[in-house]
Amino acid sequence: MSTPLTSAEKWQHILELDEELLVGGVVVSEFSAFLVRDVDVAYCAGAYLAAMVLSQAAIESHLRYEYADSMPSKPRGFRDLIEASPLEPDLRAELHHLRRVRNAWIHVSDPAEDAELLSNQNRWEDELAIEARNAIRLLRRVLYLEQTV
């Protein structure tokens, strides 16, 4: 188990992501911006599962905002939206990874089967921290796809 980042270090990481990935200007919906703020707050507070789930929601919101009008039919779910959006294959693959990880946590087949979670809480917390960190980066990659320079 690595030393957890402090809240200040997490905020610094978010600022560094923005500096790295945002080279111009972007337009996002107010709804997407609201979700992004909550993603950042959740991540910095250590609510990694919440940050991951909200990242997916913010990405979905932004993809619908940015691309839904140009789609031949309205995508039903996140998977369909990923496939219908004009995204690079590597970005699609990362979004599907986020979707699968999120689904594994959200759509638990038997919540009573919690022995593994209870006996290895630090492991799961560490895994969620990594997935949440990846999710906030992925969120920004999607938000910053259509930049004006």
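Quick check on my filter: what residues within the range 43-68 are without any contact (Cβ under 8 Å) to a residue 24 or more places away in the chain and not charged (D, E, K, R)? Scanning the range 43-68 gives 47, 50, 54, 57, 67, 68. Determine if the range 107-129 includes at least one residue that is modelled with pLDDT of 95 or more, surrounded by fewer than 19 Cβ atoms within 10 Å (Cβ to Cβ) and not aliphatic (A, V, I, L, M). No, the range 107-129 contains no residue that is modelled with pLDDT of 95 or more, surrounded by fewer than 19 Cβ atoms within 10 Å (Cβ to Cβ) and not aliphatic (A, V, I, L, M). Exactly one residue out of 43, 65 is touching a helix residue (DSSP H, G or I) at 6+ places or on another chain (Cβ under 9 Å), farther than 26 Å from residue 8 by Cβ, not in a loop (DSSP other than H, G, I, E, B) and not small (Gly, Ala, Ser), and it is 65. Within the range 102-120, count every residue that is part of a helix (DSSP H, G or I), closer than 30 Å to residue 32 by Cβ and free of Cβ contacts under 8 Å to residues at least 40 places away in the same chain. Matching residues across the range 102-120 total 2.
Of the listed requirements (1) over 13 Å from the mean Cα position of the chain (by Cα); (2) of a type outside the set (Val, Ile, Thr); (3) surrounded by 13 or more Cβ atoms within 10 Å (Cβ to Cβ), residue 90 misses just one: (3). On the stretch given as the range 130-144, residues that are more than 10 Å from the chain's Cα centre (by Cα) and either of a type in the set (A, V, I, L, M, F, W, C) or buried (at least 22 other Cβ atoms within 10 Å of the Cβ) (or both) total 2.
Residue pairs whose Cβ atoms lie under 8 Å apart, separated by 6 or more positions or on different chains, with the first residue in the range 121-149 and touching a residue at least 60 places away in the same chain (Cβ under 8 Å) and the second assigned to a helix (DSSP H, G or I) and loosely packed, with under 13 Cβ neighbours inside 10 Å, are 140/18. Taken together, the criteria exclude residue 48 from residues that are modelled with pLDDT under 95, out of contact with any strand residue (DSSP E or B) (no Cβ under 9 Å at 6 or more places or on another chain), closer than 23 Å to residue 102 by Cβ and aromatic (Phe, Trp, Tyr). Taken across the range 15-24, residues that are in contact with a helix residue (DSSP H, G or I) (Cβ under 6 Å, 6 or more places away or on another chain), in a helix (DSSP H, G or I) and either crowded, with 20+ Cβ neighbours inside 10 Å or not aromatic (Phe, Trp, Tyr) (or both) do occur, with at least one present. For the range 49-65, state whether one or more residues are touching an Asp or Glu at 6+ places or on another chain (Cβ under 7 Å) and surrounded by 15 or more Cβ atoms within 10 Å (Cβ to Cβ). There is at least one residue in the range 49-65 that is touching an Asp or Glu at 6+ places or on another chain (Cβ under 7 Å) and surrounded by 15 or more Cβ atoms within 10 Å (Cβ to Cβ). Hey, among the residues in the range 68-87 that are hydroxyl-bearing (Ser, Thr, Tyr) and part of a loop (DSSP other than H, G, I, E, B), which one's surrounded by the fewest Cβ atoms within 10 Å (Cβ to Cβ)? Looking at the filtered set, the residue picked out is 73.
The values are calculated or read from the model by the stated rules, or taken from the named source; none is laboratory data. Source: prediction; values computed, not measured. Here Cβ is always computed from backbone atoms with ideal geometry, including for glycine, and neighbour counts include all displayed protein chains.
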